[in-house]
Amino acid sequence: MRDQEPAPLDPGRRLSTKEAAELLGVKPETVYAYVSRGQLSSRRGSGGRGSTFDAREVEALARRNRRESAGPSAAGGELSVRTRLTLIESDRYYFRGVDAVDLATRHSYEEVAEWLWTGRLRPGSTFAAPAGAVAVARRAVDSLPEHAAPADLLRVATVAAATADPLRFDLSEDAVLGTARTLIPTLVAALPPAGRDRRDDRRDDRSAPGRGDGRGNDRDDRRDQAPLAHRLWTRLSPREADEASLRVLDTALALLVDHDLAASTLAVRVAASARAHAYAAVSAGLGVIEGPLHGAASGLAHRMLQDVLDQGDAGPVIADELRAGRRIPGLGHRLYHGEDPRARALFSLLESIPRAEPALLAARDIVDTAARHAPLHANVDLALAVLTASCGMPATAGETIFAVARTAGWIAHALEEYGERPLRMRPSGQYAGPKPPQPLPE
């Protein structure tokens, strides 16, 4: 049986600190903590004594606290966060209630991002990067060692782009959307072209008109107006792209825009809960995806797939993985009982690319061989591995695709979190150390 809600207060009434504390079920000091966090507003009482609080605000905060004090979700005791963005159920997933695979296969990455941000489709949407931000981001990326990983480049480019934006602290929806539409293409433009040493780019910056000052040249300007997938391709593969390959890359970006509350997305929401600006929130997400169980997983799948292609048989490769005590990359997903719908969509598109056939056959060999050990289905990391291995991309390309794509989802979650009360993503620790008081250490 549900507890009864207390009777509503007179909406025009103002409460004393003691009354507010009783209604909230907290100490008076906590009421002032709510004020300092921006969760309540206060007004000096008559005669300048004490503080008073709007009854409606206190009631609303009490209702929120009651909802959140219900604690973790019943499923597995895990943290639960209300969101209107992505739903995953019955081996399918949805963006704002619309089948995500249908959206991604019929609309561009930019259009799907706009849908996730605003709930409106904007046909023909394109993202343009400010020349000044690109120049700053490129210089920052060029200063990194040659062995820097994609996440390193993107994190540094994000921080550099933030420094070029004096309005980054404006957290209004319009301002954050403006940041989103410029940050994503800036990150792509800051990446070095595939197959070229960044030191070559530095020499180009000194010798090519307009490169060093961020103005660019006509060729750069035309390329920077192309769909984002076209621009990203030049950063991932030295090969000329055909339409079928570009479609697969664009669809991969759109499929990966968001996937509920993944580890990196939770980090973004924590940052946004503390009212970090959008660039800082994205940086928090980029700091998490390097883990082999998240954004870097496709690189492991790429290397395994390449080993299968080299040996012509998945058997010994799978055996080596199992012998080393490693899980087989590219297989299984905790949210899907069957095949990952993102993998299924990408495999279908890859079948239209003749040069992808060997990698597709190798991927099927991996799934079939592993099925003798455990009934695991392909996930999106294996599909990304087929794309990157068959298009002359490095093993790290999947991580880059994932990070660029997910940036749109991170900003969507940051926007949602900005609409919640500040600092709500603050769980309480369960202390398990020595019982105090302990003597001072010698």
Practice item. Could you work out how far apart the two model spin labels at residue 26 and residue 431 are, taking each label as a point 7 Å from the Cα in the direction of the beta carbon, and quote it in nm? Key: 2.0 nm
Revision key, fill the gap. Within the under-14-Å Cβ sphere about residue 175, not counting residue 175, Lys/Arg +1 and Asp/Glu -1 give a net charge of -1
**Study point:** Order of 302, 377 - criterion: other Cβ atoms within 10 Å of each residue's Cβ, fewest first
**Key:** 377, 302
Exercise for review: Return 172, 264, 42 ranked ascending by Cβ neighbour count within 10 Å, so the fewest neighbours appear first.
Suggested key: 172, 42, 264
Point to revise | From phi via Karplus (6.51, -1.76, 1.60), per-residue ³J(HN,Hα) for region 256-265 in Hz, x at Gly/Pro | key: 8, 3, 8, 7, 6, 9, 5, 4, 5, 5
Exercise for review: Tell me which residues come under 5 Å, amide H to amide H, from residue 52 once H is placed; ignore anything under 5 positions away on its chain.
Suggested key: 43, 44, 45
Study note, to complete from the structure: Among region 88-128, those whose backbone N falls under 12 Å of a label point 7 Å along Cα→Cβ from residue 352 are 105-107
Practice item. Starting from the Cα of residue 243, step 7 Å along the direction of its Cβ; do the same at residue 361; then give the gap between the two resulting points in nm. Key: 2.8 nm
Study note, to complete from the structure: Given unit charges at Cβ for Lys, Arg (+) and Asp, Glu (-), the dipole magnitude of the chain about its Cα centre in debye, nearest 20, is 1560 debye
Check your understanding: residue 128 to residue 16: FRET efficiency via 1/(1 + (r/R0)^6), r the Cβ-Cβ distance, R0 51 Å, to the nearest 0.05?
Key -> 0.40
Point to revise | Fraction of the pair-distance distribution of the chain above 42 Å, Cα-Cα pairs, percent | key: 26 percent
Revision key, fill the gap. For the chain, the longest principal axis of the Cα atoms and the Cα long axis of helix 341-350 enclose an angle in degrees, to the nearest 10, of 20 degrees
Point to revise | Rough spin-label spacing in nm, given labels placed 7 Å along Cα→Cβ, for residue 41 and residue 327 | key: 4.8 nm
Revision key, fill the gap. The rounded separation in angstrom of the Cα centers of region 307-324 and region 102-125 is 39 Å
Practice item. Using a 10 angstrom cutoff on alpha carbons, build the Gaussian network for the chain and name the most mobile of 61, 246, 171. Key: 61
Check your understanding: Taking only DSSP H segments of four or more residues, each worth -39500 (n - 2.57), what value at 222 nm results for the chain once the sum is divided by all its residues, to the nearest 500 deg cm²/dmol?
Key -> -16500 deg cm²/dmol
Practice item. Please name whichever of 367, 53, 95 sits farthest to the positive end of the charge dipole of the chain, dipole taken about the Cα centre and charges placed at Cβ: Lys and Arg +1, Asp and Glu -1. Key: 53
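Coordinate-derived values only; no laboratory data. Just so we're clear, the structure is a prediction, and the values are computed from it rather than from any experiment. Virtual Cβ from ideal backbone geometry, glycine too; neighbours counted across all protein chains shown.
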